[in-house]
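What follows is one structure encoded as structure tokens, with my remarks underneath.
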Amino acid sequence: RAARVVARALHGDADRVAVHGFASNGRHEVHYQCIKDFSEPFGSEQQARLDRLQGSLSTRMGAALRHASAALARQTADHKVIVMLTDGEPSDVDVVEDDHLVEDARHAVGRATAQGIRTFCLTLDRQADAYVRRIFGARNYLIADHATRFAGYAGQALVKLIAH
């Protein structure tokens, strides 16, 4: 539901928006899929793809950020922005060191920035402040208590990122 709210808020005639999803089951099993490509409308077919997604497995955020950065690097645009939507901190079944995946995601954000890609995180995890600040930076995230709040937050996030 949160992804639908954000996609609707960001999708417009002037903006080219893609919606991707991810889950992982260890380093060698990262599932990354395109729900809506940049050139597609956010129509019934794309919404049906989104509806079929099931929350499961783990959150290897760094891998997802690298995939999204590669997709954006192939696009021509004045502003390139990744809006990461998550309900929890980076984690996976094959990682025992708590900070490893937070640092991996932070590194992926740094690589995206070096490519001219801005990143922003919208999260439903009320305890996210410490790790999202480390990954995305002090001004590049918002925490919400309900998915419907993301519509306004998504617009704010893009305006903020493009203005800087």
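Laboratory data are not the source of any read-out in this text; all were calculated from the coordinates shown. Computed from a prediction, not measured in an experiment: that's the story for all the values here. Note that each Cβ is placed from the backbone with ideal geometry, even for glycine, and that neighbours are counted across all protein chains shown.
State yes or no: is His79 surrounded by fewer than 17 Cβ atoms within 10 Å (Cβ to Cβ), touching a Ser or Thr at 6+ places or on another chain (Cβ under 9 Å) and not aliphatic (A, V, I, L, M)?
Values: surrounded by fewer than 17 Cβ atoms within 10 Å (Cβ to Cβ): yes; touching a Ser or Thr at 6+ places or on another chain (Cβ under 9 Å): no; not aliphatic (A, V, I, L, M): yes.
No: the conditions fail for His79.
Comparison of Ala71, Ala144 shows that the only residue that is more than 18 Å from Val6 (Cα to Cα) and small (Gly, Ala, Ser) is Ala71.
Take Phe22 and tell me if it is touching a residue at least 12 places away in the same chain (Cβ under 8 Å), aromatic (Phe, Trp, Tyr) and either within 20 Å of Ile135 (Cβ to Cβ) or crowded, with 20+ Cβ neighbours inside 10 Å (or both).
On the way: touching a residue at least 12 places away in the same chain (Cβ under 8 Å): yes; aromatic (Phe, Trp, Tyr): yes; either within 20 Å of Ile135 (Cβ to Cβ) or crowded, with 20+ Cβ neighbours inside 10 Å (or both): yes.
So Phe22 fits the description; yes.
Can you tell me how many residues within the range 72-86 are under 27 Å from Arg126 (Cβ atoms) and without any contact (Cβ under 8 Å) to a residue 60 or more places away in the chain?
Of the residues in the range 72-86, the ones under 27 Å from Arg126 (Cβ atoms) are 81-86.
When the remaining residues are screened for being without any contact (Cβ under 8 Å) to a residue 60 or more places away in the chain, the result is 82, 84, 86.
Looking only at that region, the number is 3.
Counting only residues that are over 13 Å from Ala64 (Cα atoms), of a type in the set (A, V, I, L, M) and touching a residue at least 12 places away in the same chain (Cβ under 8 Å), how many does the range 102-124 have? Counting residues in the range 102-124 that are over 13 Å from Ala64 (Cα atoms), of a type in the set (A, V, I, L, M) and touching a residue at least 12 places away in the same chain (Cβ under 8 Å) gives 3.
Residues in the range 82-122 that are surrounded by fewer than 22 Cβ atoms within 10 Å (Cβ to Cβ), within 12 Å of Gly62 (Cβ to Cβ) and among the small types (Gly, Ala, Ser): Ser91, Gly110.
Every residue, every condition in (1) assigned to a helix (DSSP H, G or I); (2) out of contact with any His (no Cβ under 9 Å at 6 or more places or on another chain), yes or no:
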{"residue": "Val93", "(1), (2)": "no, yes"}
{"residue": "Ala105", "(1), (2)": "yes, yes"}
{"residue": "Arg111", "(1), (2)": "yes, yes"}
{"residue": "Arg139", "(1), (2)": "no, no"}
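For the condition within 14 Å of Phe136 (Cβ to Cβ), touching a helix residue (DSSP H, G or I) at 6+ places or on another chain (Cβ under 7 Å) and in a loop (DSSP other than H, G, I, E, B), what is the one hit in Glu89, Glu40? Steps first, answer last, please.
Working: Glu40 fails: within 14 Å of Phe136 (Cβ to Cβ).
Going through Glu89, Glu40 in turn, the sole match is Glu89.
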